[in-house]
Amino acid sequence: MIKAVRGTKDILPGESGIWQEIEKISRDNLKLFGYREIRTPVIEETALFVKNIGGETDIVSKEMFSFVDRGERNISLRPEGTASVIRSYIENNLDKISQFQKLYYIGPFFRAERPQAGRLRQFHQIGVEAIGSLHPALDAEVIALSAKLLDAAGVKGYRIKLNNLGCREDKKRLSKMLKEIFSDKKGEHLCEDCKRRIKMNPLRVLDCKNDGCREIVRKTFKEAVFICGECKAHFEEVLKFVDMLNIKYEIDPYIVRGLDYYTRTVFEITHEGLGSKDAIGAGGRYDNLSLDMEGPDVGACGFALGMDRIMMALGKSKELKGVDIFIATIGGAAYAKAFGILNDLRNNGISCEIDYEKKSLKAQMRGADSMGSKFVLIVGEDEIIKGEAALRDMKTKEQISVKMDSVTQKLLEICSPRG
Ligand SMILES: [Zn+2]
Ligand SMILES: [Zn+2]
C-alpha cells in the first residue's frame, strides 16, 4: 500500500473542525487589526528564496524542495511566506495603491527537515506582513497580534522572547565580533554546523540548538554592544509600546532567527508543550527586504505562527462539535417522513444527520452519541399515526414530545442556526 510521504500528515475529519475554527477566529482577529488576506502560489522561482532568505541559512542550504521543471526553470516549494508576499507586493504595485499594506496568509509551507515530532515537511502557517512603516508602534502591535491569535486559539502558557538585532551595519559588526570571539580555541568546541557558520553566517551560532554550543555561546557572548544609537532608541520605543499593551515578554539576546533579512526587532514564542527548541511562532522586522528586491525603500515587520504546533500545544483539550440533531427512524414510512424533515431542517440552517444503513434504533442512538449530536429526533410508525415525534436531549437524557408539523419551528427555537 502506498502511504503518505514521509514528514507529511493527513488532517483527518476529527481534527479539521478545530483547524477551521482556529482559522476562522484568526481571520476575525486579523480583520480587527486591519489585515487583508493575500494568497500567493506555493511554488516560486528558487532564486527568490536563495537571494532573500540567504544562501547560507539552513532553510536554503539544506531544507528546500527544489526542482527543475520541464521548461528548465529552477522552482522551489515555498519554505516560508515573507519573501513571496514582498515579491507580490512589489510585482503587483500594491505600494502604488497605498504604500502601507497589512497583509496576512494562511497555508502550507515546505521544508525537507528531518521528520520528528513538531517538524513536518509540509507544515501550515498563519502569518502577517505589515509593509511600509518604520514606526516602533507597529512592531509592538505585531507582537501583540501574535499573542492575541494564540489566546483566541486557546493556547496557554506560551512565552514571548524579544531581541534587537540592529540594522544591517549593526549585524555586520556583530558578525565580525562573533568571528573574532570564536576564531580561537572557543570555536573548536562548537558543533560542525557552527564551525561552518562562524565563517559563512556567524549570527546563526547564537541560536544553534546544540546543547554544547548553547553553553559555550552563553558563557562567551552576553551583551548587545554592537547596536547603533538609532536602533537602540527604536527598540526602546518598541518596548514602551509593548508595555502599553500589557504584553508579557523577556529579552533574549540569543534570538537571531534563521533568515538573513531580519533587522532590528525579532521575536520568538515558545511553548512548554513543544520543548525549548521549537517555537510556536516567530517574527520580526525586515527593513531592507523590499529595497533588496528592487521594490520601494520601506520598513516592514511580521510574524508566522505554526498551525501544526498550535494544535500540538492545544493537545486534546479542545472539544469537537458534532451535528445538532440526529434523526432516528423505525420503519420505512417513518424514514420517508424523516427524510423530508431532514431536508427542511438543513434548509433552515440546522445541521442534522440520518442513518443510511438501516440500523436498529439502538445502533442509531449509539451512532448519534458518537457523532456528538446534541439532540435525537425519534420518528416511528406510532409517532406518525399520532402526528408527534420524540425529541431527546442527549446531554440531560430528557425526552419531550414534538408536533410533527412544527418540528422545524420547535428545533429552531432550541438550536440556533450556524452562522
Ligand atoms: Zn543600527
Ligand atoms: Zn552549533
For the chain, built as a Gaussian network whose Cα springs stay under 10 Å, the top-fluctuating residue of 377, 291, 30: 377
Prolate/oblate/rounded call for the stretch 141-254, Cα gyration tensor, a/c under 1.5 rounded: oblate
Euclidean distance of C-alpha centroids, the stretch 88-116 and the stretch 284-311, integer Å: 8
Chain lengthening between residue 25 and residue 159 when straightened (0.36 nm per residue, less Cα-Cα): 46.1 nm
Residue pairs, from the table 199/219; 176/232; 199/240; 186/222; 31/156; 9/51, whose Cα atoms sit over 25 Å apart: 199/240; 9/51
Between the stretch 235-255 and the stretch 43-59, the alpha-carbon center distance in angstrom: 30
Residue exposure sequence - 135, 189 - by fewest surrounding Cβ within 10 Å: 189, 135
Ellipticity estimate at 222 nm from DSSP helix runs (n ≥ 4, -39,500 (n - 2.57)) divided over the chain, nearest 500: -11500 deg cm²/dmol
For the stretch 325-412: relative contact order, % (alpha-carbon pairs under 8 angstrom, 6 or more apart): 31
Most mobile of 144, 390, 130 in a GNM of the chain (Cα contacts under 10 Å): 390
Cβ-placed point charges (K, R +1; D, E -1), dipole of the stretch 325-412 about Cα centre in debye, nearest 20: 200
Gaussian network model of the chain, Cα within-10 Å springs - most flexible of 26, 401, 183: 401
Cα→Cβ-extended label distance, 7 Å offset, between residue 9 and residue 186, nm: 3.8
Burial ordering of 207, 297, fewest other beta-carbon atoms within 10 Å first: 297, 207
Net charge dipole size for the chain [Lys, Arg +1 and Asp, Glu -1 on Cβ; Debye, nearest 20]: 920
Relative contact order (%) - criterion: Cα under 8 Å, at least six apart; region: the chain: 15
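What fraction of the DSSP beta bridges in the stretch 16-110 is antiparallel, stated in percent and rounded to the nearest 5?
75
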5 Å-binned pair-distance histogram of the stretch 325-412 (Cα, whole percent): 3, 16, 29, 29, 19, 4, 0
Rg and Dmax of the stretch 270-403, Cα atoms only, in Å: 25.7, 78
DSSP bridge pairs, the stretch 325-412: antiparallel proportion in percent, nearest 5: 55
Whether the stretch 159-205 is rounded, prolate or oblate, judged on the alpha carbon gyration tensor where a/c under 1.5 counts as rounded: oblate
Helical segments meeting 15 Å axial Cα length and Kyte-Doolittle -0.5 threshold in the chain (DSSP H): 136-153, 229-244, 332-347
Shape box of the chain [Cα atoms, principal axes, largest first, Å]: 92, 48, 48
For the stretch 1-145: rounded, prolate or oblate by the Cα gyration tensor [a/c cutoff 1.5]: oblate
Part-to-part distance (alpha-carbon centres) for the stretch 375-418 and the stretch 117-141, which is given in Å: 48
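Values in this text are rule-based calculations from the coordinates and carry no lab data. Owing to the predicted nature of the structure, the values given are computational and were not obtained by experimental measurement. Cβ atoms come from the backbone with ideal geometry, glycine included; neighbour counts cover every protein chain shown.
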